[in-house]
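Trainee: Quick one: the structure is below, and I'll ask about it shortly.
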Amino acid sequence: MTETTVRPASELDAHDVLALYEQMQLIRRTERAAHDLFMSGLVKGTTHLAAGQEAVAVGASAALRPDDYVFATYRGHHHAMARGATPEECLAELMSRATGLCRAKGGSMHLTKASSGMLGSYAIVGSHLPMAVGAAWSARLRGTEQVAVAFFGDGTTNIGAFHESLNLAAVWRLPVLFVCENNFYMEYTPIGAVTAVPHPAADRAGAHALPSEVIDGNDVLVVYDAVRRAAERARAGDGPTVIEAETYRHFGHSRADPATYRPADEVERWLDHDPLDIARDRLGALNVSDDAVEQADARARRVVDDAIEAAKNAPDADPAEAFTDVWADGGNAWRT
Amino acid sequence: MADVITYRDAVAEGIAREMRRDPSVVCLGEDIGAAEGVFKTTVGLLKEFGPDRVWDTPISEQAIVGAAMGAAMTGMRPVAEIMFSDFLACCYDYIANEIPKVRYMTGGQVTVPLVVRTANGGGLGFGAQHSQAVENWVFAVPGLKIAAPSTSDDVVGLMAAAIRSDDPVVFFEHKGLLATKGPPAAEGHVVELGRARTMRDGDDVTLVALASTVPVALDAAERLAGEGVSAEVIDLRCLVPLDVAAVLASLEKTSRLVVIEENPYQGGWGGTLVSVVADEGFDLLDAPIKRIAAACVPLPFADALEAQVIPGVDAVTERVLELAAY
Ligand SMILES: Cc1ncc(C[n+]2csc(CCOP(=O)(O)OP(=O)(O)O)c2C)c(N)n1
Ligand SMILES: [Mg+2]
């Protein structure tokens, strides 16, 4: 069985925290590239970027075991990358290339890296929470001490599947974590305008007899510790936890949305609370030099620049791909 | 072993056989454990396999089917029960958007070996929200296999194939057939998904049926024989894969096709079947194709009214005689 001890954030050294920072920078740059490629027409369809929300994915992933399960939403690039998908695989998928993460059959909203337990990004709001519950149930049945994590938005707390999931996970005491990325908007509507409680996820946890925590989702070490504690409880058989990580998206909801419905002072406040800046402060406190941080920035820039080039130069999806992978035998036959 | 078994008992027997041979098979659903199922189709399972294999759930159709999906993606073979097939509407997201899509949209990264079992169909006077034949709801979505047995031995054989399938299967158990009896399935009996069964040989007309309409077709065929019309009866057993080849082969002999469905004419599975026959088997036909399906109204409560809506033996016999005279 995999080593289960995950050290508290206070015991992480400069090297560990720099790695978290670099991974966030990698996601930030990939999201920026996805935005620019969409604007220039090379990415079709839609994107829902997670720039600004990197700390939730990176902090959580670092606190999990490699064999744990992660389920995400259409705003899921950061979760795929935090679980090991490369910028190149992701950008190639967005650009409909044969080398894409899902061989161009998923697109931006469905990034998946099953080989490292990232079991998908789902575009029907709330649909993946029951799946995470099922993965946790399966872990229990197989006796593996794995945990499953569902990441979802604030808007997701008002759909039935959210409440069905919390209740079932609670009564079966399953090793599942419900991590809400509260970015304060469901599409274009402030969450407070459509939700009767101030903390859309955490305030509902009590109704299902679940513990909850509201945390600064932009501080990667805070996220890391909250997820570490919740995962430890889950592995010990103490059941699910609801974590509400407050964060903010830097881009609009999707595509080219300029997000003008957000007040300027609110945007400014959150841009001043950027997860990358917070991590840089953490690195400063650990005596990491500016030079070392800049080198990490340069490495991330290089990886993403190379990824953009590689994705651009990759072959388009093979048309035959449209007809594969319906069934487990790889085919699509529905009749004799 | 008894020389007959009810369709109802065959459901539990089919599940139990697979649970004995494969520890990754687990069941979940409302009232399936201690209560042994609202339709008594899970009798004995909790007793034999215990609470780690047979799980009673809250009334949470999305969580039931969604959790089955998550478990199937991570190494289990869950068998989820949705008590009445009408309630598939409460978890239709999983039937329409999640389960059939996830393998495809991830480029083949995951498999979903699960079974959703559900009690389907009318004839019991349960009214508009507990009587529907909804196989057409599922048939509308590529990516799901569909089994709908008409006999006890097929219940066992198709259950084995469904649970062993690496693809998701929706398994319709017909409420009107639960009390019917048939010979028990042989040990190790498996019916490959997508293979129709010829229930009666005939030369003049092919009656294609599914689940509850199979006994209707057989009764009609008996009466038709008295009128000098020899009807072949094909039980499709599955809608996906759809055994079009068996239908076309029968038409080579009979050249007349009647499709008998319990789901509404509007959007019913027969529409797809006959369109394939029109496309690929037109030359085999000597008469127009007939579809006999439920009327396009919600199902009424009173027996006399329900009988107006769901095609019975009289209606089928009459329509086939008209066609035979063509
Ligand atoms: C069932 C369903 N209803 C509506 C939508 C359209 N929709 C897509 S994203 C979204 C907002 C979701 O907000 P939230 O859960 O806060 O996630 P965020 O986009 O902020 O990450 C909506 C309404 C959908 N995809 N699925
Ligand atoms: Mg939101």
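Trainee: For region B:177-212, which residues satisfy the criterion of being out of contact with any helix residue (DSSP H, G or I) (no Cβ under 8 Å at 6 or more places or on another chain) and buried (at least 21 other Cβ atoms within 10 Å of the Cβ)?
Mentor: B:Gly194
Trainee: Quick test of your reading of the structure: A:Gln23 fulfils all but one of (1) open to solvent by 10 Å² or more (accessible area, probe 1.4 Å); (2) assigned to a helix (DSSP H, G or I); (3) within 14 Å of chain B (Cβ to nearest Cβ); (4) of a type outside the set (Val, Ile, Thr). Name the failing condition by number.
Mentor: (3)
Trainee: Among the residues of region B:98-120 satisfying the criterion of being at the interface with another protein chain (Cβ under 7 Å from one of its Cβ atoms) and small (Gly, Ala, Ser), which is nearest to the chain's Cα centre (by Cα)?
Mentor: If we take residues in region B:98-120 being at the interface with another protein chain (Cβ under 7 Å from one of its Cβ atoms) and small (Gly, Ala, Ser), then B:Gly108 is nearest to the chain's Cα centre (by Cα).
Trainee: From the list B:Leu285, B:Leu321, B:Leu299, pick out the single residue that is open to solvent by less than 40 Å² (accessible area, probe 1.4 Å) and in contact (Cβ under 8 Å) with a residue 60 or more places away in the chain.
Mentor: Being open to solvent by less than 40 Å² (accessible area, probe 1.4 Å) and in contact (Cβ under 8 Å) with a residue 60 or more places away in the chain holds for just one of B:Leu285, B:Leu321, B:Leu299, which is B:Leu299.
Trainee: Could you list, in sequence order, the residues of region B:238-268 that are touching a residue at least 60 places away in the same chain (Cβ under 8 Å) and within 12 Å of another protein chain (Cβ to nearest Cβ)?
Mentor: Result: B:Cys238, B:Leu239, B:Val240, B:Pro241.
Trainee: Examine region A:79-101 for a residue that is in a helix (DSSP H, G or I), within 16 Å of ligand 1 (Cβ to nearest atom), open to solvent by less than 40 Å² (accessible area, probe 1.4 Å) and small (Gly, Ala, Ser), and state whether such a residue exists.
Mentor: yes
Trainee: Consider A:Ala132 carefully, then state whether it is small (Gly, Ala, Ser) and either surrounded by 24 or more Cβ atoms within 10 Å (Cβ to Cβ) or part of a helix (DSSP H, G or I) (or both).
Mentor: yes
Trainee: The conditions are (1) within 16 Å of ligand 1 (Cβ to nearest atom); (2) touching a residue at least 24 places away in the same chain (Cβ under 8 Å); (3) open to solvent by less than 60 Å² (accessible area, probe 1.4 Å), and A:Leu221 fails exactly one of them. Which is it?
Mentor: Every listed condition holds for A:Leu221 apart from (1).
Trainee: Are there any pairs, at least 6 apart or on different chains, whose C-beta atoms fall under 9 Å, with the first in region A:252-274 and within 14 Å of chain B (Cβ to nearest Cβ) and the second away from ligand 2 (no atom under 16 Å from the Cβ), and if so, which?
Mentor: As it stands, the answer is none, since no pair meets every condition given.
Trainee: Still on this structure, I have one more. Scan region A:168-207 residue by residue and report those that are more than 16 Å from ligand 2 (Cβ to nearest atom), surrounded by fewer than 19 Cβ atoms within 10 Å (Cβ to Cβ) and either modelled with pLDDT under 95 or not hydrophobic (A, V, I, L, M, F, W, C) (or both).
Mentor: A:Arg173, A:Gly206, listed by residue number.
Trainee: Can you tell me how many residues in region A:304-329 are away from chain B (no Cβ under 14 Å) and open to solvent by less than 90 Å² (accessible area, probe 1.4 Å)?
Mentor: Residues in region A:304-329 being away from chain B (no Cβ under 14 Å) and open to solvent by less than 90 Å² (accessible area, probe 1.4 Å): 9 in total.
Trainee: Just to be sure, is A:Thr195 within 14 Å of ligand 1 (Cβ to nearest atom), of a type in the set (Ser, Thr, Tyr) and within 27 Å of A:Asp281 (Cβ to Cβ)?
Mentor: In short, no.
Trainee: Something else now. Quick check on my filter: what residues within region A:1-36 are hydrophobic (A, V, I, L, M, F, W, C) and within 21 Å of the chain's Cα centre (by Cα)?
Mentor: A:Val6, A:Ala9, A:Val17, A:Leu18, A:Ala19, A:Leu20, A:Met24, A:Leu26, A:Ile27, A:Ala33, A:Ala34
Trainee: Can you tell me which of (1) surrounded by fewer than 20 Cβ atoms within 10 Å (Cβ to Cβ); (2) within 11 Å of chain A (Cβ to nearest Cβ) is the one B:Ala128 doesn't meet?
Mentor: Unmet condition: (2).
Trainee: Whether any residue in region B:31-44 is part of a helix (DSSP H, G or I), β-branched (Val, Ile, Thr), more than 12 Å from every other protein chain (Cβ to nearest Cβ) and closer than 22 Å to B:Thr151 by Cβ is what I want to check.
Mentor: No: region B:31-44 contains no residue that is part of a helix (DSSP H, G or I), β-branched (Val, Ile, Thr), more than 12 Å from every other protein chain (Cβ to nearest Cβ) and closer than 22 Å to B:Thr151 by Cβ.
Let's see how each residue does on (1) at the interface with chain B (Cβ under 7 Å from one of its Cβ atoms); (2) more than 16 Å from ligand 2 (Cβ to nearest atom); (3) out of contact with any Leu (no Cβ under 9 Å at 6 or more places or on another chain):
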{"residue": "A:Gly106", "(1), (2), (3)": "yes, yes, yes"}
{"residue": "A:Met109", "(1), (2), (3)": "no, no, yes"}
{"residue": "A:Val125", "(1), (2), (3)": "no, no, yes"}
{"residue": "A:Gly143", "(1), (2), (3)": "no, yes, yes"}
{"residue": "A:Asp154", "(1), (2), (3)": "no, no, yes"}
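Trainee: Consider B:Val65 against the criteria (1) among the β-branched types (Val, Ile, Thr); (2) open to solvent by 10 Å² or more (accessible area, probe 1.4 Å); (3) in contact (Cβ under 8 Å) with a residue 40 or more places away in the chain: it satisfies all of them except one. Which criterion is unmet?
Mentor: The number of the failed condition is (2).
Trainee: Given the conditions (1) at pLDDT 95 or above; (2) over 13 Å from the mean Cα position of the chain (by Cα), which single one is not true for B:Gly123?
Mentor: (1)
Trainee: Now for a different question. Across region B:52-62, what is the number of residues that are more than 8 Å from chain A (Cβ to nearest Cβ), in contact with a helix residue (DSSP H, G or I) (Cβ under 8 Å, 6 or more places away or on another chain) and either modelled with pLDDT under 95 or open to solvent by 30 Å² or more (accessible area, probe 1.4 Å) (or both)?
Mentor: The total comes to 1.
Trainee: What number of residues in region B:25-42 are more than 20 Å from the chain's Cα centre (by Cα) and surrounded by fewer than 18 Cβ atoms within 10 Å (Cβ to Cβ)?
Mentor: So the count comes out to 3.
Trainee: Let me confirm something: among A:Asn182, A:Asn167, which residue is within 9 Å of ligand 1 (Cβ to nearest atom) and either in contact (Cβ under 8 Å) with a residue 40 or more places away in the chain or farther than 13 Å from B:Gly66 by Cβ (or both)?
Mentor: Step by step, each of A:Asn182, A:Asn167 is checked, and only A:Asn182 is within 9 Å of ligand 1 (Cβ to nearest atom) and either in contact (Cβ under 8 Å) with a residue 40 or more places away in the chain or farther than 13 Å from B:Gly66 by Cβ (or both).
Trainee: Return yes when B:Asp286 is assigned to a helix (DSSP H, G or I), out of contact with any His (no Cβ under 9 Å at 6 or more places or on another chain) and of a type in the set (D, E, K, R) and no when it is not.
Mentor: In short, no.
Trainee: Please work out which one of (1) touching a residue at least 24 places away in the same chain (Cβ under 8 Å); (2) open to solvent by 10 Å² or more (accessible area, probe 1.4 Å) is the condition B:Gln109 fails and give its number.
Mentor: (1)
Trainee: Among residues belonging to region B:78-97 that are charged (D, E, K, R) and surrounded by fewer than 24 Cβ atoms within 10 Å (Cβ to Cβ), point out the one that is farthest from the other protein chains (Cβ to nearest Cβ).
Mentor: B:Asp86
Trainee: Going through region A:35-59 one residue at a time, which ones are at negative phi and within 15 Å of ligand 1 (Cβ to nearest atom)?
Mentor: A:Thr46, A:Thr47, A:His48, A:Leu49, A:Ala50, A:Ala51, A:Gln53, A:Glu54, A:Ala55, A:Val56, A:Ala57
The values are calculated or read from the model by the stated rules, or taken from the named source; none is laboratory data. Since the model is a prediction, treat every value here as computed from it, not as a measurement. Neighbour counts run over all protein chains shown; Cβ positions are idealised from the backbone, glycine included. These accessible areas exclude ligands, DNA and RNA; they are computed on the full protein's heavy atoms, side chains included. Shrake-Rupley method; radii C 1.70, N 1.55, O 1.52, S 1.80 Å.
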